[in-house]
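Notes to accompany the following structure.
The values are calculated or read from the model by the stated rules, or taken from the named source; none is laboratory data. Nothing here was measured: the structure is a model prediction, and the numbers come from that model. FYI the Cβ positions are ideal-geometry reconstructions off the backbone, even for glycines, and counts take in every protein chain you see. The protein model used for the area step is the full one, side chains on, heavy atoms only, and it has no ligands, DNA or RNA in it. Shrake-Rupley method; radii C 1.70, N 1.55, O 1.52, S 1.80 Å.
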Amino acid sequence: AGNLAVDPSGGLYQIFDYGTLLKSQDGGTTWTAVTGPWVHSANILALDPANPSTTFYVGSLAPAPQHAFLAKLDPGGAYLWATVFGGSLGDEAQAVAVDAAGNPYAAGLTASIDFPTLNAFQSTTHSKPAGAHSSAFVSRFSADGQLVYSSYLGGSFDHTVTGIAVDAAGSAYVAGFTASADFPAVNPLQATQGFGLSTGFVSKV
């Protein structure tokens, strides 16, 4: 458990390093659990002096999780636009491609169960326990940096993305490898895993 805080009315607050805040208003007889957008290693808790029972500050001694980002630069190196995209845990973009109209596509990994999805063919991650394994993602942006679609891509265990390509029609091709026996296969050339710890995949979106 992390540190304990007490508000002026005797309310007890304690945060556990797997990311759950426990609250008690009756001296510890009963507790309620609160989860938030903080990392699993959170172990610092502070109460707002003005509103101690409703406003909390949660921190972590561990480095903050990294997030994927995408940026467009002009030929001289100046930013035209840049965006961070990700959830409350670690995310990383591992491959980027651009179609003939200048629309960028990014693919990578996320451990976040709240990764931003839009028009998704897979709107939730299968990772169990939540956040313990990485899911692949694929996201398309417009030329001016707006999200067009974003989706998880994967099964219950780890994945790695090694590349993405785009054809003339705007279809994206994502390649990598997975340890998931339940990787979502559609019209597959090979429907089952080869080597269980690392089987290649290629998906067309």
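For the reader, a short list of remarks on this structure follows.
- For the range 84-205, the spherically averaged projection of the C-alpha convex hull amounts to 7.0 nm².
- Over the chain, the alpha carbon radius of gyration divided by the compact-protein estimate 2.2 N^0.38 Å works out to 1.26.
- Accessible area of the range 139-199 belonging to carbon and sulfur atoms, whole % at 1.4 Å probe: 59 percent
- Sparse-neighbour loop sites [chymotrypsin sites (Phe, Trp or Tyr not before Pro); the range 142-205; at most 11 other C-beta within 10 Å; DSSP]: Phe195
- Probe 1.4 Å, protein heavy atoms only - accessible area per residue of the chain in square angstrom: 53 Å²
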